[in-house]
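The values are calculated or read from the model by the stated rules, or taken from the named source; none is laboratory data. Keep in mind it's a predicted model, so treat the numbers as computed, not measured. Note that we place each Cβ from the backbone using ideal geometry, even for glycine, and neighbour counts take in every protein chain shown. When the accessible area is computed, the model is the full protein with side chains, heavy atoms only, and any ligands, DNA or RNA have been set aside. Shrake-Rupley method; radii C 1.70, N 1.55, O 1.52, S 1.80 Å.
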Amino acid sequence: MWVDRDLETEIRNLFAAGDEVGGVPWAASPGAFTMGWHAGEMAAKRAVEAKTFLPVNVETVEVRKSVCSEILNRERGFYWREVELYVQNLVDFYCGDVRGEGLLKRGLERLDYARKAPLKAENPHELSRALEVKSIVDNAALVLRSSIERRESRPSLDFRRIDYPEQDDKNWFVFLAIRKEEVEKYTFAKIPIE
């Protein structure tokens with residue numbers, strides 16, 4: 001996720017912190033705590049300055065309400081934990097230590113099973129976890145697609161492609177940004193490291 005120096009994303013008033021922030025790999029807890037503190041301060045400052053609330057898109061609210069109701073009212077389906085473990089194992093296997101284009105593409109195909117899995121929840125807590133799993137599936141797709149796009153190995157970041165075993169600073173000494181434009185349409189941008 002790309003942010004400015006105040007940890008604000010391209011979406012105004014949306015702040016981010018931790019490993020998801022571009023350019024800070026493996027920041028782990030110290031990075032998340034430090035950036036989270038700063039992002040939280042910036043978000044609070046912005047909230048105090050706000051004069052009005054953002055307009056509510058009723059159509060979006062209805063779509064989200066429908067998704068939640070469907071998950072809560074489903075009699076048969078998968079609980080969030082089953083799908084989360086499936087995705088964790090899938091990413092470990094298809095995007096783990098050994099990566100290649102064929103393996104990564106197969107991982108995307110298998111990830112589609114998780115995307116289509118009918119999730120069920122018996123209470124609001126399970127619903128929140130089921131919605132989180134939907135986000136985890138989306139993030140796994142971003143990781144797999146980005147790994148396909150980066151056609152090099154970068155041992156210092158423990159990124160190794162068997163089909164591109166060499167580090168290629170000429171073409172790939174960049175941050176690789178990915179944007180999901182619409183359903184299953186992604187664009188990539190190389191952002192120079194300064």
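Of the listed requirements (1) loosely packed, with under 15 Cβ neighbours inside 10 Å; (2) of a type in the set (Lys, Arg); (3) under 24 Å from ILE162 (Cβ atoms), LYS65 misses just one: (3).
Among residues that are of a type in the set (D, E, K, R), open to solvent by less than 90 Å² (accessible area, probe 1.4 Å), assigned to a helix (DSSP H, G or I) and farther than 25 Å from MET1 by Cβ, GLU84 is not included. Here ARG129 passes the criteria (1) modelled with pLDDT of 95 or more; (2) surrounded by 15 or more Cβ atoms within 10 Å (Cβ to Cβ); (3) more than 16 Å from the chain's Cα centre (by Cα) except the one numbered (3). Here THR60, THR9, THR34 are screened, and the one residue that is without any contact (Cβ under 8 Å) to a residue 24 or more places away in the chain and open to solvent by 90 Å² or more (accessible area, probe 1.4 Å) is THR34.
Among all residues of region 145-168, there is at least one that is under 30 Å from GLU70 (Cα atoms) and part of a helix (DSSP H, G or I). Within region 159-194, the residues that satisfy the criterion of being touching a Pro at 6+ places or on another chain (Cβ under 9 Å) and not aliphatic (A, V, I, L, M) are GLN167, PHE173, PHE175. Which members of region 88-98 meet the condition of being in contact (Cβ under 8 Å) with a residue 12 or more places away in the chain and either closer than 16 Å to ARG151 by Cβ or open to solvent by 60 Å² or more (accessible area, probe 1.4 Å) (or both)? Answer for region 88-98, where residues must be in contact (Cβ under 8 Å) with a residue 12 or more places away in the chain and either closer than 16 Å to ARG151 by Cβ or open to solvent by 60 Å² or more (accessible area, probe 1.4 Å) (or both): PHE93, CYS95, ASP97, VAL98. Criterion applied to GLU166, GLU126, GLU152, GLU101 was being touching a helix residue (DSSP H, G or I) at 6+ places or on another chain (Cβ under 8 Å) and free of Cβ contacts under 8 Å to residues at least 40 places away in the same chain, and the one residue passing it is GLU152.
Total residues in region 165-194 satisfying the condition of being at pLDDT 90 or above, more than 16 Å from the chain's Cα centre (by Cα) and not small (Gly, Ala, Ser): the figure is 11.
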